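Everything on this sheet refers to the single structure shown next.
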Amino acid sequence: MTRRQLANAQWEFIEPYLPIGRYGPYPERLRERFEGVIWRFRSSGQWRETPAEFGPWATVYGRFRVWRDAGVFTALLEDPIAQGPG
């Protein structure tokens with residue numbers, strides 16, 4: 001059973017912001033990892049409590065750190081605001 005946190009339209013908006021390095025991550029697993037990050041902050045659970053369906057907790061946490069350091073979350077907040085309505 002998948003605990004989807006995002007609608008498909010939301011994922012289509014977010015996906016282009018996620019950097020893909022030369023050696024990873026696997027693009028087909030990006031959504032699982034991102035949804036794991038969302039799960040962690042929505043639940044206030046610890047990283048080690050991340051459900052296995054999102055991948056190993058250390059991998060989810062590692063992706064979070066890469067995305068944080070790359071400014072992904074800041075861009076996700078700032079770009080839509082800068083674009084404004086319509």
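The values are calculated or read from the model by the stated rules, or taken from the named source; none is laboratory data. Just so we're clear, the structure is a prediction, and the values are computed from it rather than from any experiment. Cβ sites come from the backbone with ideal geometry, for glycine too, and all protein chains shown count toward neighbours. Surface areas here come from the heavy atoms of the whole protein model, side chains and all, with no ligands, DNA or RNA. Shrake-Rupley method; radii C 1.70, N 1.55, O 1.52, S 1.80 Å.
Figures for the structure shown
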read-out: Scope segment 40-60; condition assigned to a helix (DSSP H, G or I) and surrounded by fewer than 19 Cβ atoms within 10 Å (Cβ to Cβ); matching residues; value: PHE41, ARG42, SER43, TRP47, ARG48, GLU49, ALA52, GLU53, TRP57, ALA58, THR59
read-out: Residue list for segment 1-19, filter: at pLDDT below 85 and either within 16 Å of ALA75 (Cα to Cα) or of a type in the set (Phe, Trp, Tyr) (or both); value: PRO19
read-out: Segment 7-39: number of residues that are open to solvent by 60 Å² or more (accessible area, probe 1.4 Å) and either in a helix (DSSP H, G or I) or on the phi > 0 side of the Ramachandran plot (or both); value: 11
